[in-house]
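Presented below is the structure to which this report refers.
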Amino acid sequence: MAVLVGFSGSLRKGSFNTALLHAAGAMMPAGSRLEIMSIAAFPLYNADDEAAHGIPAEVAALKEAIAAADGLLIATPEYNNSIPGVTKNALDWLTRPPADIPRVFAGKPVALMGASPGGFGTILSQNAWLPVLRTIGAELWSGGRLLVSRAGSVFDADGAIADARTDEQLRQFMQGFVAFAQGGSAGNP
């Protein structure tokens, strides 16, 4: 069974990215599952706090889940044409101490997706993730991009996808990423 871990880079209660992540979980191919975790309890990264108190329990739990998973799915918002601070902060914690980076991220299949109220989806945020993921040695799945634009018209009041085209794109995206995470070549040349 393929197990993916996913987190949303938004802390907002009505987050489109969190809704997208939950929709992805409901569309997992047979024989696979998505474990959705939260970064909401992560404190701001501060090396002095790390030295004094170590890695927070919620950070350690997500790190261990990522290390054990077949792949990582990040639903990333886009703030000011880049990665939201809270999402980058989460990754900064997840890469502490640096000696853990190879165990947690080296060769780890990672997929990015995102939803935005604007017209470009989260293309600039996803692009900004590329050097970060490359630095930690993750294996970015480049077989598909999921950029949900005008998200306010894509999701209904309960956070479910109300757009058939987006629903089908997400289904195909998840099938491709699961195949890649299981060692297939679904999209990466």
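Structure notes:
- Long-range amide H partners of Gly118 with built H, under 5 Å: Arg150, Ala151
- In nm, spacing of pseudo-spin labels at Ala157 and Ala60 (7 Å Cα→C-beta vector): 4.4 nm
- Axis angle, to the nearest 10 degrees, between helix 57-68 and the longest C-alpha principal axis of the chain: 70 degrees.
- Farthest towards the positive end of the charge dipole of the stretch 112-189, among the residues Leu112, Asn127, Ala179, is the Cα of Asn127, using unit charges on the Cβ of Lys, Arg, Asp and Glu.
- For Asp92 and Arg150, the FRET efficiency from 1/(1 + (r/R0)^6), where r spans their Cβ atoms and R0 equals 25 Å, is about 0.20.
- The fraction of Cα-Cα pairs per 5 angstrom bin, counted from 0 for the chain, comes to 1, 8, 17, 22, 21, 16, 9, 4, 1, 0, 0 percent, rounded to whole percents.
- Sites excluded, trypsin sites (Lys or Arg not before Pro) in DSSP loops with at most 11 other C-beta within 10 Å, longest stretch of the chain: 14-189
- Computed from the Cβ-Cβ distance with R0 of 22 Å, the FRET efficiency linking Ala67 to Asn46 stands at 0.40.
Readers should treat all values here as calculations from the given coordinates under stated rules, not as data from a laboratory. Values in this document were obtained by computation on a predicted structure and should not be read as measured data. In this analysis, Cβ positions are derived from the backbone assuming ideal geometry, glycine residues included, and neighbour counts consider all displayed protein chains.
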